[in-house]
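Participant: This structure is in structure tokens; I'll ask about it shortly.
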Amino acid sequence: MNNTEYLEPDLAFVARLKRAGGESVKKCFQCATCVAVCDVTQSDRPFPRKEMIWAQWGLKEKLFYNPDVWLCHQCGDCSTHCPRGAKPSDVLAAVRNLSFIEYAVPGFLGKMHSSPAALVALFALPAAVLLLAAIYANGLVMPEGEIVYSRFFPLAVIDSIFIPAALFALITSILSLKKLWSGMKRNSPGKGDPDAAAVFGAVKDILLHKKFAQCRTNRPRYTGHLLIFFGFLALFATTNLVMMYHYLLGRETPLALGDPVKLLGNAGALAAFAGVSYIIARRLAAPDETGKTSYQDWTFILTLYAAIITGILAESARLADIPAAAYPVYFTHLVFVFFLIAYLPFSKFAHMLYRTAAMIYAGSNGKNN
Amino acid sequence: MTQVNAPRVYICTGCDIGASVDVDKLCKIPAEFGVPQAKRHPFLCGEEGLQYLRKEVAEGAGRILIAACSGRVYADRFDFGKDVMVERTALREALWVSTPNDPDTQLLAEDYLKMGIVKLQKSEKPEPYIHQLDDTILVVGGGITGMTAALAATDAGKRVRLVEKEAVLGGFVRKLKRRFPIDGTGNPVETNIVAMAEEVKNHPAVALHLSSEVVSISGQPGEFDVRIKTPEGEIAVRAGAIVQATGFRPYDISKLGHLGGGTVDNVITSARFEEIAASGRIRRPSDSKEPSSVAFIQCAGSRDEKHLPYCSSFCCMTSLKQARYIREQNPDAKVYIFYRDMRTPGKYELFYKQMQDDDGVFMTKGDVVSVAGVDGGVEIVVNNTLLGGTIRVKADMAVLAVGMESAAKNGGALHLAYRQGPELPELNYGFPDSHFVCFPYETRRTGIYAAGAVRHPMDAAQSETDAAGAALKAIQCITLAAAGKSAHPRSGDTSYPDIAFERCTQCKRCTEECPYGMYDEDAKGTPQPNPLRCRRCGTCMGACPQRIISFKNYSVDMFSAMIKAIGVPGEEENRPRVLILACENDSMPAFEMAAKLRLKLSPHIRVIGLRCLGSMNMVWLNDAFAKGLDGVLLFGCKFGDEYQCHNMKGSELASERLSKLEETLGRMSLEPERVRFVPIAIDDAYALPGIIGDFMKVIERVGPNPFKEFAD
Amino acid sequence: MATPAPKNPVVVIGGGIAGITAAVEAAECGANVILLEKRAHLGGRVARMHKYFPKLCAPYCGLELNFRRIRENPAIAVHTRAEVAEIKGQYGDFTVKVRLQPQMVNANCTACGKCAEVCPVERQDHYNYGMGTTKAIYMPHPMAFPQRYNISQKACIGKECGKCVQVCEYGAINLDARETVLELKAHSIVVATGWDPYNGAKLQGLSFGVSPNVISNVMMERLASPEGPAKGKLVRPSDGKEVRDVVFAQCAGSRDENHLPYCSSVCCLASLKQAAYVREAAPDAKIFIYYIDIRTPGKYERFYRKIAAEPNVTLIKGKIAKAEHDPETGGVIITAEDVLAGKKITRKTDLLVIATGMQPAAQNGVGGLKADENGFFTNAALARGIYAAGTARLPQDVSSSIMDATAAALKAVYGGRP
């Protein structure tokens, strides 16, 4: 803390935080039960006790640019044990929800993602772009004969939409991450530069879901997240392999069901579907254990769910040879996929970026356990 | 010696007494003192045994020595009415710590029996000191404590005289906007202090003196003569007992310069803040602006060696309450509370919890380093915060939660015309408190009870409780005094000291040493006793070098005779004798517990219980050594800062008297090691064998008392 | 203007320090008093304390004085093993129905102890909080008042054994004794039902009841007491090993809405006091007190400063929320944040003392009187003539309870406002 600066609590921020899911923030009386029961926190300058008082005082700079907020996995152990009924895991989740807005470059997209009113507009963009593309490609006429989606949306058209979308996501991600990183450097001690060991450690922790495994109250989420994570990785790999098939081997979709890439894709889809279903069921059935589910949580989970379901349905409709169902479903699937990819740094999807960055930052600055 | 009413001795053979000693031999002991042979019974405390004793009483036994179990059990059963004097010799307990049927044990039992007989012979039935007493309760201080005490006393049917130095009743609480909720839930509540003041004012049993002060108090419980300066002039009145409820002063803010106290306009005390809040909108002093941010600095002066080393108990709740005022006035206002430990005990925790949950209240533990004026407002620097390190905060104004100082600190409330000083003795930090956990109203000025914040730091709710407690003690003191009985710790005792003035040398030992300030002095230094102040500890009796102070049933002569009754075997027998003078409050129960635990003690000790070790007269040591006893142990309570003496200073005074002992022993050419003071607590039973064993070794080392051969 | 003593007696429910005080103070004002205690002996919780803070003096010192005042005052009648079943009537004329448990040991008992020597039944020693055993006929404490043995009805195997009856020379034992019912008239009633320690087993994560080396603060009192199960030697309950490291966990249940939402008021001082026990018994042992806020109001601050300044005593802000059995050392591993240092710490210790708070003993009411949602009686909610005192009213320490009981005595005798 700079000794010449005045600390100024931000009442408006406290109010925002409360609206964003941290309504219990003021109940904390700093007993530090949360730190003691948290198996995820590091032991040097541990969380979430200090984050709770920062949040009570509305010290948003300290909160937003603090890797510990991202090291929290919302296990809920702290909330279960809190003697005052404060829910630190929800408060930190709320901070993260507001962080998506805070880090977002351009900022308005961050704001739009936290506002239900903007949801239609966000979906309208991919819907309109894809509609125009479909009109351009084949005048919006469903192709006759065997269902081949590349006849509806030629790969070139898909690529010309999704590659720029991905690039947009990549650039904005980098800008947003930079904002987070420099903020963390500003606010926490340490040299601030990433080191290889930290990167390796973070990747290993993520792959093994080590932190999730340490949760007790919300232990089942380990399974759900693991399924989604690897399902999603499989789907991501499938997309890239399909592109390689096309450009390098000249093999076209649809692939045979026995094709290894197809097998990988289908397995990924099923795993992700199972994972998301489980997570949704848990959030509905045991909200005390999962913690609060915010608007951003729901938007992300449901979009993901919709993308997976429409993907599975599109494949099923194709195999069942029902063109009238297949093409509209496929169109819808693309809208959801676009939403997920293009808006990645603005939706809750971005947690994978920020959490990874925070883990690397923490690891690089001597904050591993 | 012919006695009008000779003692009769009854030996119980139950509880293994009969199996441990030769009772037939014991029965013959009384004859040595001109007393009829002892009678034996197998079970004296049983219905049959009691009937037997009742029959004996009916046949004329007026002084009964029951040689059975300790007087600490069955006092009710062996009570045969006020005309029968009963003395108990704890044979059972003495035998429990000894080896059965051993010659030494037999000698021990015989000695205890002898001492018991002598004690009873030397004892007279006390005649209670009964006067027609006034039972008005004088309450000094008209704050919430004083008014509560006054109303409690009137509820009890007493007349009350209330003296308040201000022109209105209500004291500190009258200045409050609201009080914090007693059960911690809901909002701060109305004080109702004005209604209470009205009730006191209009109460037919209350004589109220506003703008008045006590000029002097003399006399004793039931007979206090009080002079009061009233606006109409000085009056002289009588009172039976007194409650001092003079309250507290907020700590002087100007002493807290490092916190801006006295130098920064917008730094005020919580007391001042309360007045501002009570008078309407809260505005800061410098420019009458309604503050949009206020910082509360807890422990301002409290818990601070340089100021008030204690915690003032009410400041945390006060600041939380005042935070509520600000937040009610301005929902956008920010309130900071910097505390060291948030102290909201009991249900007050629920109020803390409530205030914590207020968005505009920002709290942290920390050490406030400075409060300074800046830009028209204040700046506060706090170290070691929960936010991490040092923080610097700006606010429109700061409130120092200053602690309380006892109003008794500089005296001037009672003006007692007592030999030992004009006010209640203080105990730590200027509070005229009792030191006892178990007996918080154990006053050192009988009939005068401090209550409320004057006594120790407490809030209004506890002061109200305390006021009722003090009112009870005041009423009880008069009730007991009217029956000629002592107040605690010897409650019910009807004896009181008689002084043979013709032999008084005006040495003032008694007037100086009485823990209760019972004696006043005339110009020549002659003690002027006030028997109703007396608590029967006997310290004056122990102090008096002329041995002219005695109680009917407790006297220097009695103990001298008891000591002289101890049989001292010749040097060749190798049976040393050690006298133990032990406090009856703690040391005697410790012996009893040792007995219950069947710990083994040396058979060569002879224990005599005293009301308080303070009543130990040095002549008894002379008597003991002249008789040929080899050593004396003095068992009293621990003294010093954490004293445990129920008469405050008894054991301390006794041990001080020992400083003159060497002279006495020197005169007799005896080794100083033969006398030892040992602090004993009630739970020291397990230590007794060791303590006594060690002393026996000392006695063995220094050898037998050479006076043995000269003893009769 | 003498105030006549009330016609009916003052009935005091509860024979702990508050009840004893109320009874004695009322009686010394001239009232007749009936003191009811549900256990076999007076003294309540304080009788089981090793020492009092801040003087580190023995509770039996004050108790003995009070017992003497009771013994010597014919205006006080004591009923032990007496439970209040029903309270009816109004101020000046209450009827209190009391169930007197079978008085199997009568007043003939001389406390000689031969019965316990022959009794073949061992039972868990509740007086020592389950640490150790006694015979089915027992005295909890050598100085217990009344000085009379008690038979645990649950443990006693009855007349087919009857060994105690045969050995008793004074006809003090009657195994056929039956429960009786007393109907007492009362001028007023003082409710001084006291407190129970909060059940540490409810505090998940602290391993109370899992590791024998996690004990509650009341158990610590017994461990430190020479009459206790360890004869005052401060040792690890699991193996009798001398303790080298002791940790105190404050607010174990108190200030916790999942357990006791209020502060129990005494636990900080109790742990500081127990730190003094450790200092005395094992001067080399390291002592750590983990707290949220240290609450030592008024002049108790002095005691806090004194203990905090002792060598080997460390106070750490941060609540212990996790404690596990350490299979390696047999000790306990505690976890907490040292808040001011900003470090999460785990520590291996020999003995963890959890400062469990006060739960009102009559939280479900007594004789039809209702307690509040936290189990305490508030005077405002009780009928005129019924006054709560001591920890039945508020969590408070011994001295405050006594002040409270003295105030209640005044109201009970003279009919004051609540």
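The values are calculated or read from the model by the stated rules, or taken from the named source; none is laboratory data. On a predicted model such as this, the values are computed, not experimentally measured, just so you know. Cβ placement follows ideal geometry from the backbone for every residue including glycine, while neighbour counts extend to all protein chains displayed.
Participant: Can you list residue pairs whose Cβ atoms sit under 6 Å apart, with the first residue in region B:25-54 being free of Cβ contacts under 8 Å to residues at least 60 places away in the same chain and the second being polar (S, T, N, Q) and surrounded by 16 or more Cβ atoms within 10 Å (Cβ to Cβ)? Count only pairs 6 or more apart in sequence or on different chains.
Facilitator: B:R40/B:T13; B:P42/B:T13; B:G46/C:N108
Participant: Where in region B:237-279 are the strands (runs of 3 or more DSSP E), entirely inside, with at least 2 residues that are farther than 17 Å from B:C315 by Cβ?
Facilitator: Values: elements: B:241-244, B:248-250, B:267-269.
So the answer is B:241-244.
Participant: Okay, moving on. Of these, B:Y336, B:Y418, B:Y441, which one is within 25 Å of B:T269 (Cβ to Cβ) and either buried (at least 19 other Cβ atoms within 10 Å of the Cβ) or within 10 Å of chain C (Cβ to nearest Cβ) (or both)?
Facilitator: On the way: B:Y418 fails: within 25 Å of B:T269 (Cβ to Cβ); B:Y441 fails: within 25 Å of B:T269 (Cβ to Cβ).
That would be B:Y336, the only listed residue that is within 25 Å of B:T269 (Cβ to Cβ) and either buried (at least 19 other Cβ atoms within 10 Å of the Cβ) or within 10 Å of chain C (Cβ to nearest Cβ) (or both).
Participant: Name the one entry in B:A398, B:A487 that is within 11 Å of another protein chain (Cβ to nearest Cβ), crowded, with 24+ Cβ neighbours inside 10 Å and not hydroxyl-bearing (S, T, Y). Break it down into steps so the answer makes sense when it comes.
Facilitator: Numbers: B:A398 fails: within 11 Å of another protein chain (Cβ to nearest Cβ).
Every option except B:A487 fails the conditions.
Participant: Could you please let me know if B:I217 is closer than 15 Å to B:G141 by Cβ and in a strand (DSSP E or B)?
Facilitator: Yes, satisfied.
Participant: Additional query: Condition first: polar (S, T, N, Q) and either surrounded by fewer than 21 Cβ atoms within 10 Å (Cβ to Cβ) or away from chain C (no Cβ under 14 Å) (or both). Now tell me which residues in region B:339-355 satisfy that.
Facilitator: Narrowing region B:339-355 to residues polar (S, T, N, Q): B:344, B:354.
Within region B:339-355, just B:Q354 meets the criteria.
Participant: Tell me which of these A:W298 doesn't satisfy, since it passes every other one: (1) free of Cβ contacts under 8 Å to residues at least 24 places away in the same chain; (2) farther than 30 Å from A:K111 by Cβ; (3) in a helix (DSSP H, G or I); (4) not polar (S, T, N, Q).
Facilitator: Of (1) free of Cβ contacts under 8 Å to residues at least 24 places away in the same chain; (2) farther than 30 Å from A:K111 by Cβ; (3) in a helix (DSSP H, G or I); (4) not polar (S, T, N, Q), only one is false for A:W298: (2).
Participant: Among the numbered criteria (1) within 12 Å of another protein chain (Cβ to nearest Cβ); (2) out of contact with any helix residue (DSSP H, G or I) (no Cβ under 6 Å at 6 or more places or on another chain); (3) outside any loop (DSSP other than H, G, I, E, B), which one does C:Y60 miss?
Facilitator: (2)
Participant: From (1) within 24 Å of A:F338 (Cβ to Cβ); (2) free of Cβ contacts under 8 Å to residues at least 40 places away in the same chain; (3) of a type in the set (F, W, Y), pick out the condition that doesn't hold for A:Y149.
Facilitator: Here A:Y149 meets the rest and fails (2).
Participant: Look at B:Y129 and say whether it is outside any strand (DSSP E or B), out of contact with any Asp or Glu (no Cβ under 9 Å at 6 or more places or on another chain) and closer than 30 Å to B:P221 by Cα.
Facilitator: Details: outside any strand (DSSP E or B): yes; out of contact with any Asp or Glu (no Cβ under 9 Å at 6 or more places or on another chain): yes; closer than 30 Å to B:P221 by Cα: yes.
Spelling it out, B:Y129 is indeed outside any strand (DSSP E or B), out of contact with any Asp or Glu (no Cβ under 9 Å at 6 or more places or on another chain) and closer than 30 Å to B:P221 by Cα.
Participant: Moving on to the next point. Hey, could you check region C:363-399 for residues that are outside any loop (DSSP other than H, G, I, E, B) and facing another protein chain (nearest Cβ under 7 Å) and say which is surrounded by the most Cβ atoms within 10 Å (Cβ to Cβ)? If you could, list the steps in order and put the result at the bottom.
Facilitator: First, pick out the residues of region C:363-399 that are outside any loop (DSSP other than H, G, I, E, B): C:366, C:369, C:379-381, C:386-388, C:390-392, C:398-399.
Narrowing the set further to residues that are facing another protein chain (nearest Cβ under 7 Å) leaves C:398-399.
On the way: C:V398: 24, C:S399: 21.
My answer is C:V398.
Participant: For the list (1) in a loop (DSSP other than H, G, I, E, B); (2) within 14 Å of chain B (Cβ to nearest Cβ), I need the number of the one condition that C:A412 fails.
Facilitator: Every condition holds for C:A412 apart from (1).
Participant: Of all residues in region C:286-305 being outside any loop (DSSP other than H, G, I, E, B) and under 21 Å from A:T33 (Cα atoms), which is farthest from the other protein chains (Cβ to nearest Cβ)?
Facilitator: Within region C:286-305, the subset outside any loop (DSSP other than H, G, I, E, B) is C:286-291, C:300-305.
Next cut, under 21 Å from A:T33 (Cα atoms) only: C:287-291.
On the way: C:I287: 19, C:F288: 14, C:I289: 13, C:Y290: 9, C:Y291: 8 Å.
Per the stated criteria, the residue is C:I287.
Participant: If you check every pair at least six apart or on different chains, which have Cβ atoms under 6 Å apart with a residue in region A:318-342 that is closer than 16 Å to A:I135 by Cα first and a residue that is of a type in the set (S, T, N, Q) second?
Facilitator: A:T332/A:T310
Participant: Within region A:316-362, take every residue that is within 11 Å of the chain's Cα centre (by Cα) and aromatic (F, W, Y) and give me the one that is nearest to A:A166 (Cα to Cα).
Facilitator: The qualifying residue nearest to A:A166 (Cα to Cα) is A:Y343.
Participant: Also: Kindly indicate the residue of region B:490-509 that is over 19 Å from the mean Cα position of the chain (by Cα) and at positive phi and also nearest to the other protein chains (Cβ to nearest Cβ) among those meeting that condition.
Facilitator: B:K508
Participant: Now for a separate question. I'd like the full set of residues that are surrounded by fewer than 23 Cβ atoms within 10 Å (Cβ to Cβ) and among the hydroxyl-bearing types (S, T, Y), limited to region B:271-301.
Facilitator: B:S279, B:S286, B:S288, B:S292
Participant: Out of all the residues in region A:56-100, which are free of Cβ contacts under 8 Å to residues at least 40 places away in the same chain and either closer than 25 Å to C:H259 by Cβ or assigned by TED's automatic domain parsing to the domain that holds A:I279 (or both)?
Facilitator: Residues of region A:56-100 free of Cβ contacts under 8 Å to residues at least 40 places away in the same chain: A:63, A:72.
Scanning region A:56-100 gives no hits.
Conditions tested, residue by residue: (1) within 14 Å of chain B (Cβ to nearest Cβ); (2) buried (at least 18 other Cβ atoms within 10 Å of the Cβ).
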residue: C:A116; (1), (2): yes, no
residue: C:C119; (1), (2): no, yes
residue: C:N128; (1), (2): no, yes
residue: C:K135; (1), (2): no, yes
residue: C:P142; (1), (2): yes, yes
residue: C:P146; (1), (2): yes, yes
residue: C:Q153; (1), (2): no, no
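Participant: Considering only region C:1-31, state which residues are of a type in the set (S, T, N, Q), within 14 Å of chain B (Cβ to nearest Cβ) and more than 20 Å from C:V266 (Cβ to Cβ). Before the answer, list the steps.
Facilitator: The initial filter retains those residues of region C:1-31 that are of a type in the set (S, T, N, Q), namely C:3, C:8, C:21.
From what's left, within 14 Å of chain B (Cβ to nearest Cβ): C:3, C:21.
Within region C:1-31, C:T3 is the sole residue that qualifies.
Participant: Further, regarding this structure: Hey, among the residues in region A:11-52 that are facing chain C (nearest Cβ under 8 Å) and small (G, A, S), which one's nearest to B:Q354 (Cα to Cα)?
Facilitator: Restricting to residues being facing chain C (nearest Cβ under 8 Å) and small (G, A, S), the top hit is A:A32.
Participant: If the Cβ limit is 7 Å and pairs must be 6+ apart or interchain, which residue in region C:227-241 that is without any contact (Cβ under 8 Å) to a residue 24 or more places away in the chain and more than 13 Å from chain B (Cβ to nearest Cβ) pairs with which residue that is of a type in the set (K, R) and surrounded by fewer than 19 Cβ atoms within 10 Å (Cβ to Cβ)?
Facilitator: Qualifying pairs under 7 Å: C:V235/C:K241.
Participant: Do any helices (runs of 4 or more DSSP H) lying entirely in region B:537-618 carry at least 1 residues that are surrounded by fewer than 21 Cβ atoms within 10 Å (Cβ to Cβ) and aliphatic (A, V, I, L, M), and which ones are they? Outline the logic, then answer.
Facilitator: Details: elements: B:539-543, B:556-565, B:587-596.
Where helices (runs of 4 or more DSSP H) fall fully within region B:537-618 and carry at least 1 residues being surrounded by fewer than 21 Cβ atoms within 10 Å (Cβ to Cβ) and aliphatic (A, V, I, L, M), they are B:556-565.
Let's see how each residue does on (1) in a helix (DSSP H, G or I); (2) assigned by TED's automatic domain parsing to the domain that holds A:M359; (3) of a type in the set (G, A, S); (4) modelled with pLDDT under 90:
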site	(1), (2), (3), (4)
A:A156	yes, yes, yes, yes
A:I161	yes, yes, no, no
A:A166	yes, yes, yes, no
A:A169	yes, yes, yes, no
A:W181	yes, yes, no, no
A:M184	yes, yes, no, no
A:P194	no, yes, no, yes
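Participant: Follow-up question, since we're still on this one. Yes or no: C:N8 more than 25 Å from C:Y138 (Cβ to Cβ), surrounded by fewer than 22 Cβ atoms within 10 Å (Cβ to Cβ), touching a residue at least 12 places away in the same chain (Cβ under 8 Å) and touching a Ser or Thr at 6+ places or on another chain (Cβ under 9 Å)? Working first, answer last.
Facilitator: Numbers: more than 25 Å from C:Y138 (Cβ to Cβ): yes; surrounded by fewer than 22 Cβ atoms within 10 Å (Cβ to Cβ): yes; touching a residue at least 12 places away in the same chain (Cβ under 8 Å): yes; touching a Ser or Thr at 6+ places or on another chain (Cβ under 9 Å): yes.
Criteria met by C:N8.
Participant: Tally time: how many residues in region B:359-379 are at the interface with another protein chain (Cβ under 10 Å from one of its Cβ atoms), aliphatic (A, V, I, L, M) and either within 40 Å of the chain's Cα centre (by Cα) or buried (at least 20 other Cβ atoms within 10 Å of the Cβ) (or both)?
Facilitator: Residues flagged as at the interface with another protein chain (Cβ under 10 Å from one of its Cβ atoms), aliphatic (A, V, I, L, M) and either within 40 Å of the chain's Cα centre (by Cα) or buried (at least 20 other Cβ atoms within 10 Å of the Cβ) (or both) within region B:359-379 amount to 2.
Participant: Next question. Are any residues in region B:421-438 in contact (Cβ under 8 Å) with a residue 40 or more places away in the chain, within 11 Å of another protein chain (Cβ to nearest Cβ) and at negative phi, and if so, which ones?
Facilitator: B:H435, B:F436
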